[in-house]
Amino acid sequence: MGNLHALDVTDVLVTPDLLLVLPQLGQLKSVHMSGVQVAENCDPEQFDRLKVLKLTTLRLFGPHSEGYAKLAQAFDYTQLTILATDLPGPIHKIETSECSLPLRNLTVVFTSPNLKVTSSFFRNLPELRKFHYSPAAEDVFMDLSLDSSYVPHLEDICCSWRQLANFLPGRRIVNIEILHSTDGPWPRDWFAPLLQSSRRFKRLMLSCDAFIRFPHGRATYLANVDHLELEFSKSYTSSSRMPEESPHDQGLLFVIGKIPWSKVPHLRVVDISRSTTTFFPALHRIGLRQQYELLKRVSAERKNCNPLVIRLGLITWSSDDKGRWGVEFAPSLCEVVKKMIRTHRTVLPVQQYLSEYLAPIDYDGYLQSFVREVEHGSDTESESD
């Protein structure tokens, strides 16, 4: 036990005996606790013993009890580099710290009506590189006004559009994830803080809804983006004027057509995913030929021939430096095809399905070849069984 480096406990009761054992784990560097309860007979002296542990990683999640709050604050944070929590206790500890802390990666996932984070919190985190919070924590940062000299090394941020003005100016942000907000309209110039950065963004992620509703700003904020990631959800379509009952690829193609390709010279990857990643339509609704026709227009619009990758759900299109397009299918689609073959081959032979349903909508035989490969693999598996 003395050589244990990581501890992961879920749904356990923290007792005085456990608080006596934990400090003896001198090599312990990582603690992950989730859903634990703290016995009422744990006293302050027993919590204090945890300070001898020099952790580098701490992950603490629910419930919001007084005992768990004391436990969360009992750990020593002076060597902590990774913290993820939905508890107010660690936030209070950082906010009231009398010295700077070496935290580099912070994820906050909670809502607490009595907790408001101030600039003092970030003043104590000069080494912070990555800061993510969930939509549930939005109110905690609502009144934040952050001095531009704080968290100077911040590179990766996940926040709402409201906080972009706090975190982007004067910092080396390269990865941005903008939370989808349903608690009010976005202003037309929500992207203004993105334009204040002189750095290229390696990755920008936001909802399709936000991307589509504000067409006037796309060319400006996408001009310095390498990788654009958009989440598509049917719940967004009403406000986005996106086709609601179209086949799967229609909604994704709709988004691709909204990118100002002639004005985004650095864009190398576009990734459009559904929030429900397990869903996939019938193969004959994929429409590779239609997708290819759109991508030909994309190639014609672009002012350079740099390679480009476009992921549409489980389909990935890639172009080379000569503008030629190829297709790859996600491995998870193999299982969908295997199930289809097992279910329907007695009613509709695979070859008939290929010629009557897939050939008219295929591009360069990619879809038909994919089905044949899966069918061959299924036959091989059946023979081995």
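No value in this document is a laboratory result; all are computed from the given coordinates. In this text the structure is predicted, and so the values were computed from the model without any measurement. Here Cβ is always computed from backbone atoms with ideal geometry, including for glycine, and neighbour counts include all displayed protein chains.
Available extension along the chain between H376 and L18 is 123.3 nm, counting 0.36 nm per residue and deducting the alpha carbon span. Between V109 and H64, the modelled label-to-label distance comes to 1.6 nm, taking each label 7 Å out from Cα in the direction of the beta carbon. In terms of its alpha-carbon gyration tensor, region 100-210 comes out oblate; a/c meets the 1.5 threshold, while b/c is at least as large as a/b.
Under the shape rule built on the C-alpha gyration tensor, where the axes satisfy a ≥ b ≥ c, region 123-171 is prolate, since a/c reaches at least 1.5 and a/b is greater than b/c. Calculated FRET efficiency, D11 to A39, Cβ-Cβ distance, R0 = 22 Å: about 0.95 to the nearest 0.05.
Charged side chains reduced to their Cβ positions (Lys and Arg at +1, Asp and Glu at -1) give the chain a dipole of some 1560 debye around its Cα centre. Please work out whether region 2-45 counts as rounded, prolate or oblate from its C-alpha gyration tensor, where a ≥ b ≥ c are the square roots of the eigenvalues and a/c under 1.5 means rounded, while otherwise a/b larger than b/c means prolate and anything else oblate? Oblate, since a/c reaches 1.5 and b/c is not below a/b.
Using only the alpha-carbon atoms of the chain as identical scatterers, what base-10 log of I(q)/I(0) does the Debye formula give at q = 0.06, 0.10, 0.11 Å⁻¹? So the normalised log intensities are -0.34, -0.83, -0.93.
Starting at 0 and stepping by 5 Å, how many percent of the alpha carbon pairs of region 11-72 end up in each bin? Calculated over all Cα pairs of region 11-72, the distribution is 4, 18, 30, 29, 17, 2 percent. For the chain, DSSP calls about 15 percent of its internal beta bridges antiparallel. With one equal scatterer per alpha carbon and no solvent term, the Debye-computed log10 I(q)/I(0) for region 177-228 at 0.13, 0.17, 0.18, 0.22 1/Å reads -0.29, -0.51, -0.57, -0.86. Across q = 0.17, 0.26, 0.29 Å⁻¹, region 308-368 modelled as identical point scatterers on its alpha-carbon atoms has Debye log10 I(q)/I(0) values of -0.69, -1.14, -1.22, in the order of the q list.
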